[in-house]
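The values are calculated or read from the model by the stated rules, or taken from the named source; none is laboratory data. Keep in mind that what you see is a predicted model, and the values were worked out from it rather than measured. Cβ atoms come from the backbone with ideal geometry, glycine included; neighbour counts cover every protein chain shown.
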Amino acid sequence: MRHRVRARKLGRSPTHRVAMYRNLVTSLLEHGRVRTTDAKAKGVRRLAERMITLGKRGDLHARRRALRVIRSREVAARVFDDLAERYRDRPGGYTRVMKLGNRRGDAAALSIVELVARDGAGRRKPAAGAASKKKATTKKAAAAKPAAKKKAAAKKAEEPAKKTAPRKKTAKKAAKKKKTTTTRKATAKKASKKTASKKTKSKTKKK
């Protein structure tokens, strides 16, 4: 019976499991999101929320306890300075777990752990030139729309002319067919006349 047993062993030794959780927590607090299996995500979520509560406490003992888990001093400073102020009025629930489905290969359940980004927390801010590029692309698209409409109208105007052109061609083809049929009939008549004349000549010679 597993009464009051919360830890997930994950098929690893205790030292390996602790090191893995420390790495995942530091990367989650640094980048804002981590993609891993569902079981690991549930374990990482507990540790990450505990680190943010320590950052909200803000005293020296809390910093020392956080540095026992977080591997980077820069990430710990971010937790105690930025994330603590961002989640000052939030009483828990700093992370979310979103399931992605099964992994191809071993069919392991995948999920994403990310910080609840109320004010853009845990998400990379776009570069300074990114907004200007987006504006330029939107302007270009807006300028290209009327030109595209004009092209479409010109194509529609050309379509009936193209449809009438094959009719002329079909008329020409019909005239050619008539000529060929008349020439064939004339040649057939000539051949029949020649054969008839040959037969009459042969009959006169026999007589």
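Brief remarks on what is shown
- Options Gly55, Gly32: the member that is farther than 19 Å from Arg6 by Cβ and in contact with a helix residue (DSSP H, G or I) (Cβ under 6 Å, 6 or more places away or on another chain): Gly55
- Taking the range 42-73 as the range and being over 15 Å from Ala19 (Cα atoms) and in contact (Cβ under 8 Å) with a residue 40 or more places away in the chain as the test, the residues that pass are Lys42, Arg45, Glu49, Ile52.
- Hey, Leu54 surrounded by 13 or more Cβ atoms within 10 Å (Cβ to Cβ), part of a helix (DSSP H, G or I) and among the aliphatic types (A, V, I, L, M) or not: yes
- Within the range 1-19, residues that are more than 14 Å from Val44 (Cβ to Cβ) and assigned to a loop (DSSP other than H, G, I, E, B) reach no partner that is at pLDDT 90 or above and of a type in the set (Val, Ile, Thr) with beta carbons closer than 6 Å at six or more positions or on different chains.
- Criterion (surrounded by fewer than 16 Cβ atoms within 10 Å (Cβ to Cβ) and either within 36 Å of the chain's Cα centre (by Cα) or not hydrophobic (A, V, I, L, M, F, W, C) (or both)) met by exactly one of Ala19, Ala84, Ala41: Ala19
- Among the residues examined, Gly93 does not qualify as within 23 Å of Gly43 (Cβ to Cβ), modelled with pLDDT under 95, under 23 Å from the mean Cα position of the chain (by Cα) and not charged (D, E, K, R).
- Of the residues making up the range 59-70, those that are charged (D, E, K, R) and exposed (fewer than 15 other Cβ atoms within 10 Å of the Cβ) number 3.
- The test for being modelled with pLDDT of 95 or more and either buried (at least 16 other Cβ atoms within 10 Å of the Cβ) or among the charged types (D, E, K, R) (or both) holds for Leu110.
- Residue check, Ala76 under 13 Å from Leu115 (Cα atoms) and in a helix (DSSP H, G or I): no
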